[in-house]
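Please read the structure below before turning to the comments.
The values are calculated or read from the model by the stated rules, or taken from the named source; none is laboratory data. No experiment lies behind these values; they were computed from the predicted model shown. A quick note on method: Cβ atoms are made from the backbone with ideal geometry, for glycine too, and the neighbour counts reach across all protein chains shown.
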Amino acid sequence: MEYIRRLEDNDFNNFKKVFMVFESEPFYEAWTENDYIEEFIDFIENGQIYGIFLEDDICGLITIKMKFQKWSELEIDIEQSIYLSDIAVCKKNRNKGYATKLMQYIIEEFGDNYDIYMRTNLDNSMSEGIAIKNNFELIENKIQTVTFKRTRTDIPETDKRKYLIRKRNNYQNSEY
């Protein structure tokens, strides 16, 4: 049985199981146990985490923050916006539509009342393709440089990110 539910205080291990994907290709981000704990607590206290489960096994998650401005140069209505922070799916569960289902869940839950915006890699982003198919549009001329500790020295610690937005009430249904 497949279902989506909001993660709670006791779901740290589920969160970490999926979030560890950022340590591998293509991200190679360096995370400590304390980093995972801090990220989980931040989303529990200041955001929301939703997981998609097969039986009782988590296979993916999506994180959001409401009324949150990720980058001061964005011109968005903070009171009517949700920041879609992360979409992650365990490697063995990829290419099965779980990231799409998670994104569509957030759109169904919040899309009528809030603009939903996200940040993604400048080039070749899997989440961008899903977003475009669900009526997200590029926020023009808003490119941000971000820095992450990496597990591989041949991967630069900085890269560029672009922003996409899905305006509320503008779409009846998505391509999927």
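Out of the range 157-176, which residues are modelled with pLDDT under 85 and loosely packed, with under 12 Cβ neighbours inside 10 Å?
Asn169, Asn170, Gln172, Asn173, Glu175, Tyr176
Could you check Lys67 against (1) under 24 Å from Asn10 (Cα atoms); (2) loosely packed, with under 14 Cβ neighbours inside 10 Å and say which number it fails?
(1)
If you check Ala99 against the conditions, is it touching a Leu at 6+ places or on another chain (Cβ under 9 Å) and either closer than 14 Å to Leu61 by Cα or among the small types (Gly, Ala, Ser) (or both)?
Numbers: touching a Leu at 6+ places or on another chain (Cβ under 9 Å): no; either closer than 14 Å to Leu61 by Cα or among the small types (Gly, Ala, Ser) (or both): yes.
No: the conditions fail for Ala99.
Restricting attention to the range 139-160, report how many residues are assigned to a loop (DSSP other than H, G, I, E, B) and in contact (Cβ under 8 Å) with a residue 12 or more places away in the chain.
Residues of the range 139-160 that are assigned to a loop (DSSP other than H, G, I, E, B), as a first pass: 148-149, 151-157.
Remaining after also requiring in contact (Cβ under 8 Å) with a residue 12 or more places away in the chain: 148-149, 151-152, 155.
Total satisfying the criteria: 5.
Testing Leu54 on (1) in contact (Cβ under 8 Å) with a residue 12 or more places away in the chain; (2) over 23 Å from Lys101 (Cα atoms), one condition comes back false. Which one is that?
Of (1) in contact (Cβ under 8 Å) with a residue 12 or more places away in the chain; (2) over 23 Å from Lys101 (Cα atoms), only one is false for Leu54: (2).
So, of the residues in the range 55-64 that are more than 15 Å from the chain's Cα centre (by Cα) and either of a type in the set (Val, Ile, Thr) or closer than 18 Å to Met20 by Cβ (or both), which turns out to be surrounded by the fewest Cβ atoms within 10 Å (Cβ to Cβ)?
In this case the residue turns out to be Asp57.
Taking the range 132-156 as the search range and keeping residues that are within 21 Å of Tyr117 (Cα to Cα) and polar (S, T, N, Q), which one is surrounded by the most Cβ atoms within 10 Å (Cβ to Cβ)?
Asn134
For the range 1-38: of the residues being aliphatic (A, V, I, L, M), farther than 15 Å from Asp86 by Cα and modelled with pLDDT of 95 or more, which is surrounded by the most Cβ atoms within 10 Å (Cβ to Cβ)?
Ile4
Looking at Ile78, Ile41, can you tell me which residue is closer than 26 Å to Glu108 by Cα, surrounded by fewer than 17 Cβ atoms within 10 Å (Cβ to Cβ), at pLDDT below 95 and of a type in the set (A, V, I, L, M, F, W, C)?
The conditions single out Ile78.
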